Every structure is written in C-alpha cells, then in structure tokens.
Amino acid sequence: MGTHGMTGNNRNTGIGFRAQHYATIVATRPARGFFEVHAENYMCGGPASRQLETLRNDWPIALHGVGLSLGSGHGLDAAHLSRLAVLVNRVEPILISEHLAWSVAADGSYLNDLLPLPYTEDSLAMVAANITRLQDHLRQRVLIENPSAYLRFVDSEIPEPQFLTALVERTGCGLLFDVNNAYVTCQNVGGDPRAWIDGLPIEAVKEVHLAGHCRNDADGASILIDDHGSPVAEAVWVLYEQTIRRFPHALTLIEWDSNLPALSVLLAEAAEADRRRADVISETAYADAA
C-alpha cells in the first residue's frame, strides 16, 4: 500500500497525529515509525490537508476511518466512500482501517459515536457486504478494528473474535487488534482478552492499537471507559506483550484523543511499546534457540 516504506529507525510504533503537535513535530522531527490520522479530518482540503501533505513527505501515514459505519444496514454512503478514495489516492497510506461499528441512522444522520451491533449471522452477512464494497472501491485491503463494549446484546450468537475471523474469511480483510478495547470489553461484559489473542488469525492482524482508559460509576457498578485520555494501563501493557508474541510483525499505534498531553508524553509511550516489543522478540528468539 503506497510508496512510503517504514522509516529506517527500526521503530515499529507510531503515534496518532493531532494538529496541536504539528509545530513541535516539524521542529523536532521525532524518530517515529509512522503517524496515523483520522481520515475524515482530511477530506475537505484546507490547513489540515496541507499539514498532512507535509508529514507524508517524511513519514509513512496510516488512515484510520471513524465515519464509514460498516455496521449500517442500508449500506455505505456513496459520497463518503468517494471522498475516502480520493484521500487514499492522494496520501498512499501504508494501512487503512475502520471500526466494526455503526454511526449513521436510517435517516442518514450521523451520530457522534461508534455504536455496537449484535453478532449474528445476519449482521455478519451485512458487514461482510459493506467491507467487500469498501475494498473493491479502494482496491486495497482494509483492517477492521474491534470496538469497546459497554453492553452485550442478548441475541448475539457469535463470539466477537469468531465474528472478526469470519469477516477475514469472507472478505479477505485484515484486522486491527485494539488491545485496550479488548481489555475494556472483557472487564465490562465478561470474557478473557487472552482468548481473543489466541483466537484471531495470525496472518490477518497487521496493526495493534494501545490507549488509556478511565473507570466510571454506572448506577453503582464500576465500568471502564475507552476515553484515550491517559497513559496505557499496566494490565494493558501485559496484554500487549502477549499480543506481540502472537503477532510480532504487526505495527503498533499509540492513541491519545482527550486530555491531550505534550508530544513528549506520546513519544515516551511509543518508546515503551518499542522496548516491550524488543524484550518479547528477544525472549522468543532465545526460547527458540534453546
């Protein structure tokens, strides 16, 4: 995908680009593997698009969509899909990803959230059709991300890891495994995130996301919120190490969207991901040689 390869610094971890950090990035030129941007922020030209053009001259770019609504029963919005295709052709991203969620109502209005869907055979067929249309239009493989869950539908008949695997088998899509989302989901509605890692197809997982979460009170019950507003929790770091053991070639991305800190904080999180990845790969190589 695209003409830009990974940079020569042997770092596999990127960070989510935020406009507040642009001046610092240009001035300090951090040694990062890549930047990931939300595609919808760059579809209409203007200063944001000019910033992205500057970044892509020196770093690989990954596009992360938040508005396609792959879980919509009425299909994909043709205008949105066309705008995305134009952006993909212009940026030549190393990766393209979207969420396993829906955000467009039946009347066409956009909702400011990534909403869950029941994991049924009907949903599987619907999402698979939308992914096939997306990939055919872009002529590229797209990675599908597991969302955070705060409830479980009573009529969900397919475990989420199996649902994602079935999408890979039906469409040829790839997967973006969000470690924090899996942890949050299992804490909120039950399940073992380690079983997710073991259940996903190795060859399909091309990217891993890491982010922070917070703990809230929901009518007396404790619930985790995927707010992307704090450092990665230690429990998620431990889960990340297991993730890298199974998917050692997947790229890693640090996400931070709220309570945005200085760029140096994101770079420190990325450096920690690089350190843990290196330790895991070194341990694995030693075990294989023993």
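A short reminder: the numbers here are calculations on the coordinates, not readings from a lab. Quick caveat: nothing in here was measured; it's all calculated off a predicted structure. Every residue, glycine among them, receives a Cβ derived from its backbone with ideal geometry; neighbour counts consider all protein chains shown.
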The ³J(HN,Hα) series, computed from each phi in region 39-54 with the Karplus coefficients 6.51, -1.76 and 1.60 at θ = phi - 60°, rounded to the nearest Hz and given as x for glycine or proline, is 4, 5, 7, 10, 9, 10, x, x, x, 4, 5, 5, 4, 5, 4, 5
Estimated D of region 232-290 in µm² per second, where Rh is the Kirkwood radius over Cα pairs and Stokes-Einstein applies at 10 °C, 1.306 mPa s: 126
Give the longest segment of the chain that steers clear of chymotrypsin sites (Phe, Trp or Tyr not before Pro) in DSSP loops with at most 16 neighbouring Cβ atoms within 10 Å, not counting the sites themselves. 1-149
Expressed in whole Å with the largest first, what are the equivalent ellipsoid semi-axes of region 14-87 derived from the C-alpha gyration tensor as the square root of 5 times each eigenvalue? 27, 13, 9
At q = 0.13 Å⁻¹, what is the base-10 log of I(q)/I(0) for the chain according to the Debye formula with one equal point scatterer per Cα and no solvent? Please give it to two decimals. -0.91
Label-point separation (nm) for ARG194 and ARG139, each offset 7 Å from Cα along Cα-to-Cβ? 4.6
